[in-house]
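Undergrad: Structure incoming, see below.
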Amino acid sequence: MMYLKYMEKYGYEQLVFIQDEQTNLKGIIAIHNTKLGPALGGARLWDYKTEEEAVFDALRLARGMTYKSAAAGLPLGGGKAVLIGDASKVKNEAYFKKFGEFIEKLNGNYITAEDMNITTLDMSYINSETKHVTGLEGMSGDPSPITAKGTYYAIKASLKHMFGDDTVMNHSFAVQGVGATGSNVIKELIEEGATKIYFSEVNEEHAKAIKTKYPSLIEVSNEELFKLDVTCLVPCAMGGVLNDKTIPNIKAKIVCGTANNVLLDEEKHSQMLNDLNILYAPDFIVNAGGIINVYHEIIGYETNNVLKDVFKIYGRVIEIFELAEDNNINTQEAAMLYANNILNKTK
C-alpha cells in the first residue's frame, strides 16, 4: 500500500508507527481528522498477519470514527490505534505503560479507549502514563452495553422503515459474534420478546456462555449465518464481512452494521446490498452508542443523558433511510452525506 497516497485521497492528518523492543510493543496510531475536536478512537490488540493489514485497519477505523463522531453530533475527531501481537503472549503492565507514553507524546491529539482484546485494567496501566484515556474502571467502564443499546434502536428503526412497525417479536435475527456487544444485542432483543435468534461465534467460551444464558438460541457456522432467511442480519464481529463472497448469499431483508467497517469495500459493497434490495443500516451510525458513552465520560457522566443521546440513533437511522430515498442514493452514501454536511459546516 502507498500510505501517503491513501492518506491524501481520504484526508488523513497523521499515521504514527510505534515500537518498543523491551516490551515487544508494535503498533500504529492513525489520526484522520481533528476538525471538530481531538481524535477519539479505541485501541485494539490483534495478531495481524501482515503489517499492511494492520495499517489498513487503523486507517479505515480512524476514518470511520471521524464520521461516527460527526454524525452523532459530538465535538470529536477520528483516530484509532492498533497494536500488533498475540494478546495471550504480549499483554502485561509494562506493555501498556509504554503504549501510554506514546499516546502522551501526541499532546492530546489522540484520546484512546478500549477495543478488541483490551480491558479496563489495561486502560488503567495506560492511564498511569497519560490522561488521554477513557473507559476506565469506576467511570463509565465498558461501553459495550451502550453500543448494543444503540444497535437495538437501529434494528427497531430499520423494522419501522421497512414494515411500518418496530416490534421485534415476529421477526428473526442472525447475530455474528457474541462477545461484549453481540451478547448485549441478543439480551436487548430477547427482553423485548424476540424468540428466533441465530448466532455464530469462533470463540468457544463466548458461545458456551451465551447458550447457557439463553438456551433457545440456535448456533450456526459463520458461513451458514449469512445464508439464513431471516429478517435482520447483525454483524458484531470483525470488519470486512460484507464482501463479494458473502453478499450474494445474504437472504436477510435488513443488515444492521454493528462491527466497525463491515463493508470490505465501502462504495462497491454498499451498492451491491442496495441492488439486492437489502436495507443496510450503516455501521458508523448504528454503533455510535459506544462513542456517545465515552464522550459523556469526558464531559461528566450522567446515565440519563447518555441514554437520551443513544436513543437519538433511532431517529438518525430513519433520517438516513429517508435521505437515501430522497436523493436516489444508497444508505451508505446517505450516511456519508449526512456526516459530511456536519463536518463542512465547521469552519
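Undergrad: When residues of segment 73-90 are filtered for being in contact (Cβ under 8 Å) with a residue 40 or more places away in the chain, within 21 Å of V55 (Cα to Cα) and under 23 Å from the mean Cα position of the chain (by Cα), how many remain?
TA: 10
Undergrad: F173 fails exactly one of the following numbered conditions: (1) touching a Pro at 6+ places or on another chain (Cβ under 8 Å); (2) assigned to a strand (DSSP E or B); (3) not β-branched (V, I, T). What is the number of that condition?
TA: Result: F173 fails condition (1) only.
Undergrad: L263: surrounded by fewer than 20 Cβ atoms within 10 Å (Cβ to Cβ), touching a helix residue (DSSP H, G or I) at 6+ places or on another chain (Cβ under 7 Å) and in the same structural domain as T167 (by TED's automatic domain parsing), yes or no?
TA: no
Undergrad: Across segment 237-257, what is the number of residues that are farther than 10 Å from A174 by Cα, modelled with pLDDT of 95 or more and part of a loop (DSSP other than H, G, I, E, B)?
TA: 8
Undergrad: Which residues, counting only those in segment 65-105, are closer than 30 Å to Y338 by Cβ and either surrounded by fewer than 23 Cβ atoms within 10 Å (Cβ to Cβ) or among the hydroxyl-bearing types (S, T, Y) (or both)? Before the answer, list the steps.
TA: Here is the first cut: in segment 65-105, the ones closer than 30 Å to Y338 by Cβ are 65-82.
Scanning segment 65-105 gives T66, Y67, S69, G73, L74, P75.
Undergrad: Scanning segment 38-56 for residues that are surrounded by fewer than 18 Cβ atoms within 10 Å (Cβ to Cβ) and in contact (Cβ under 8 Å) with a residue 40 or more places away in the chain, which turns out nearest to L4 (Cα to Cα)?
TA: E52
Undergrad: Give A94, A81 a once-over and let me know the one that is assigned to a strand (DSSP E or B), farther than 25 Å from K312 by Cα and at pLDDT 95 or above. Write out each step before concluding.
TA: Numbers: A94 fails: assigned to a strand (DSSP E or B).
Just one listed residue meets the conditions, A81.
Undergrad: Criterion first (surrounded by fewer than 20 Cβ atoms within 10 Å (Cβ to Cβ) and on the phi < 0 side of the Ramachandran plot) does I292 satisfy it?
TA: When the stated conditions are applied, I292 does not pass them.
Undergrad: If you take the residues of segment 299-311 that are part of a helix (DSSP H, G or I) and without any contact (Cβ under 8 Å) to a residue 60 or more places away in the chain, which of them is surrounded by the fewest Cβ atoms within 10 Å (Cβ to Cβ)? I'd like the intermediate steps shown before the answer.
TA: From segment 299-311, those part of a helix (DSSP H, G or I) are 299, 303-311; that's our starting set.
Filter once more, keeping what is without any contact (Cβ under 8 Å) to a residue 60 or more places away in the chain: 299, 303-305, 308.
Numbers: I299: 10, T303: 11, N304: 7, N305: 13, K308: 11.
Per the criteria, the residue is N304.
Undergrad: Please determine, by comparing only the residues of segment 15-45 that are outside any strand (DSSP E or B) and among the polar types (S, T, N, Q), which one is nearest to the chain's Cα centre (by Cα). I'd like the intermediate steps shown before the answer.
TA: Just the residues of segment 15-45 that are outside any strand (DSSP E or B), to begin with: 21-24, 34-38.
From the residues that got through so far, the ones that are among the polar types (S, T, N, Q) too are 22-24, 34.
Details: Q22: 32, T23: 28, N24: 27, T34: 19 Å.
So, considering only residues that are outside any strand (DSSP E or B) and among the polar types (S, T, N, Q), the one nearest to the chain's Cα centre (by Cα) is T34.
Undergrad: Moving on. May I ask you to say which residue of I111, I118, I126 is in a strand (DSSP E or B) and either touching a residue at least 24 places away in the same chain (Cβ under 8 Å) or touching a Cys at 6+ places or on another chain (Cβ under 9 Å) (or both)?
TA: Working: I118 fails: in a strand (DSSP E or B); I126 fails: in a strand (DSSP E or B).
Among I111, I118, I126, only I111 is in a strand (DSSP E or B) and either touching a residue at least 24 places away in the same chain (Cβ under 8 Å) or touching a Cys at 6+ places or on another chain (Cβ under 9 Å) (or both).
Undergrad: Does at least one position in segment 154-173 carry a residue that is under 18 Å from I313 (Cβ atoms), at pLDDT 95 or above, crowded, with 16+ Cβ neighbours inside 10 Å and of a type in the set (V, I, T)?
TA: Yes, segment 154-173 contains a residue that is under 18 Å from I313 (Cβ atoms), at pLDDT 95 or above, crowded, with 16+ Cβ neighbours inside 10 Å and of a type in the set (V, I, T).
The values are calculated or read from the model by the stated rules, or taken from the named source; none is laboratory data. Given the structure is predicted, the values throughout are model-derived calculations rather than measurements. Here the Cβ is made from the backbone with ideal geometry for all residues, glycine too, and neighbour counts use every protein chain on show.
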